[in-house]
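To start, the structure under review is shown below, and the notes come after it.
The values are calculated or read from the model by the stated rules, or taken from the named source; none is laboratory data. In this text, all values refer to a predicted model and were calculated from it rather than measured experimentally. With ideal geometry, Cβ positions are generated from the backbone for all residues, glycine too; neighbour counts draw on all protein chains shown. Ligands, DNA and RNA are stripped out before the accessible areas are found, and what is left, the full protein with its side chains, is counted by its heavy atoms. Shrake-Rupley method; radii C 1.70, N 1.55, O 1.52, S 1.80 Å.
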Amino acid sequence: MNNATESPCVRNCCLDGADICLGCGRSLEEIKAWTAMSEDQKRATLVACQQRLEEKEAHRHVRQTIVFKL
């Protein structure tokens, strides 16, 4: 059984202004370092990615609400 942590890449690679991938939520540095990371580092990166994506989604909803109210 392979317990390797899989890459979160969803093949939607596009970096925002802060060099964060809009598809998976990883930073450019995390993407480049992925194969050299330990399993613990990969799991920590996945948590950070999920938080980034959730924050972006929440921010997007706030912007849409503001625009719709105007």
What dipole magnitude, in Debye to the nearest 20, does segment 1-56 give about its Cα centre under +1 on Lys/Arg Cβ and -1 on Asp/Glu Cβ? 120
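May I ask you to give the solvent-accessible area per residue for segment 1-59, in square angstrom, as obtained with a 1.4 angstrom probe?
Numbers: 4120 Å² over 59 residues.
I get 70 Å² per residue for this part.
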